[in-house]
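Student: Take this structure, written in structure tokens, and hold onto it; I'll ask about it next.
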Amino acid sequence: MAQSNLWFTELQNENLSIGLRIEKTIHSERTEFQQLDVYQTAQYGKLLVLDGCVMTTDRDEFVYHEMLAHVPLHTHPNPKRVLVVGGGDGGIIREVIKHPSVERAVLAEIDGRVIEASKTYFPQIAAGLSDPRVDVQVVDGIRYVEEHPGEFDVILIDSTDPVGPAVGLFSKSFYESVFAALKPDGLMAAQTESPFVNQELIRRVYGDVARTFPIAKLYLAFVPTYPTGMWSFTMGSKTHRPEDVKAVRVEDTKYYNLGIHHAAFALPNFAKELVGE
Ligand code: SPD
């Protein structure tokens, strides 16, 4: 079969892009909130794109989803009630419900079309959405957080990039609402983009989280299809510290393990500088 000459290109900025050869376009629509595309790629299986940005692919989704879920969930000794803000593809929820202690996991996703597209085209990512412990809410995550004070042990913010509908999920007032929505020993983690190209964002978000929570930490993982590959997450915690984790409670993972949990917090010097370590 002749190779297609179609490429998906994500422009990170005017100087940097990431390209994937496309075998075919599977789905394309303008939802109420954003442009949603699904492609079959030659290298990474199916690719979900929102507003021109890579959200996830069949082949490397496990890295991001495991690292945004298991690092904070293991940091909490007994997570029972978990909220995922964004994350309509269901990848974070799939990891959350691997924790036997979790009694209820709420997904607050603003765009119901992302949920439906994931169920149709990424069934292995969306599988957890039908678990009886999962409550799927198609709502504005910011408002949902404001309306549920003191309810959650862990809140995970699986946002799109900091443009369009996700801008408010990177603001200090949102982290203050997240703090209020957590129980007295609760904690949160958010995806915070690449330390190579989003340095100002990381500096600002980390500063806002550190001014809101007694404990703030930046950690890293390697996600091949995200621009630069090096990806950051910011954790804010009221009491529990990630360095106190002694054992993992979930074995069914492809990236996360006890060594990775601790290694993820070892920052290169240029990233330490971003967070004032
Ligand atoms: N540029 C990548 C930003 C990642 C955003 N979240 C991905 C959603 C996957 N559940």
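Student: Which condition does Gly207 not pass, out of (1) open to solvent by less than 20 Å² (accessible area, probe 1.4 Å); (2) of a type outside the set (A, V, I, L, M, F, W, C); (3) within 13 Å of the ligand (Cβ to nearest atom), if it passes all the others?
Tutor: Failed condition: (3).
Student: Sort out for me the strands (runs of 3 or more DSSP E) sitting completely within the range 1-80 that have 1 or more residues that are without any contact (Cβ under 8 Å) to a residue 24 or more places away in the chain and open to solvent by 10 Å² or more (accessible area, probe 1.4 Å).
Tutor: The qualifying strands (runs of 3 or more DSSP E) are 6-13, 16-30, 35-41.
Student: Being open to solvent by less than 10 Å² (accessible area, probe 1.4 Å) and aliphatic (A, V, I, L, M): is that true of Val223 here?
Tutor: yes
Student: Confirm whether Gly87 is on the phi > 0 side of the Ramachandran plot and either crowded, with 16+ Cβ neighbours inside 10 Å or within 14 Å of the ligand (Cβ to nearest atom) (or both).
Tutor: yes
Student: I would also like to ask the following. List every residue pair whose Cβ atoms sit under 9 Å apart, with the two residues 6 or more apart in sequence or on different chains, where the first one lies in the range 132-144 and is assigned by the TED database to the domain that holds Val82 and the second, anywhere, is surrounded by fewer than 18 Cβ atoms within 10 Å (Cβ to Cβ) and part of a strand (DSSP E or B).
Tutor: Arg133/Arg104; Val134/Arg104; Asp135/Arg104; Tyr144/Gln137
Student: Report whether or not Val102 is assigned by the TED database to the domain that holds Ser194, assigned to a loop (DSSP other than H, G, I, E, B) and within 18 Å of Ala189 (Cα to Cα).
Tutor: It is true that Val102 is assigned by the TED database to the domain that holds Ser194, assigned to a loop (DSSP other than H, G, I, E, B) and within 18 Å of Ala189 (Cα to Cα).
Student: Turning to a different aspect of this structure: Return yes when Val71 is within 19 Å of Asp111 (Cα to Cα), within 16 Å of the ligand (Cβ to nearest atom) and in the same structural domain as Leu107 (by the TED database) and no when it is not.
Tutor: For Val71, the condition - within 19 Å of Asp111 (Cα to Cα), within 16 Å of the ligand (Cβ to nearest atom) and in the same structural domain as Leu107 (by the TED database) - is not met.
Student: Follow-up question, since we're still on this one. Which number in (1) outside any strand (DSSP E or B); (2) away from the ligand (no atom under 13 Å from the Cβ) marks the one condition that Val136 misses?
Tutor: (1) is the only condition that Val136 fails.
Student: Consider Trp231 against the criteria (1) in contact with a Pro (Cβ under 9 Å, 6 or more places away or on another chain); (2) open to solvent by 10 Å² or more (accessible area, probe 1.4 Å); (3) of a type in the set (A, V, I, L, M, F, W, C): it satisfies all of them except one. Which criterion is unmet?
Tutor: (2)
Student: Which condition number does Ile115 fail, the rest of (1) more than 11 Å from the ligand (Cβ to nearest atom); (2) assigned to a helix (DSSP H, G or I); (3) open to solvent by 10 Å² or more (accessible area, probe 1.4 Å) being met?
Tutor: (3)
The values are calculated or read from the model by the stated rules, or taken from the named source; none is laboratory data. Since we're looking at a predicted model, the values are computed, not measured. Methodologically, a virtual Cβ is constructed for each residue, glycine included, from the backbone with ideal geometry; neighbour enumeration extends over all protein chains shown. With ligands, DNA and RNA removed, areas are computed over all heavy atoms of the protein, side chains included. Shrake-Rupley method; radii C 1.70, N 1.55, O 1.52, S 1.80 Å.
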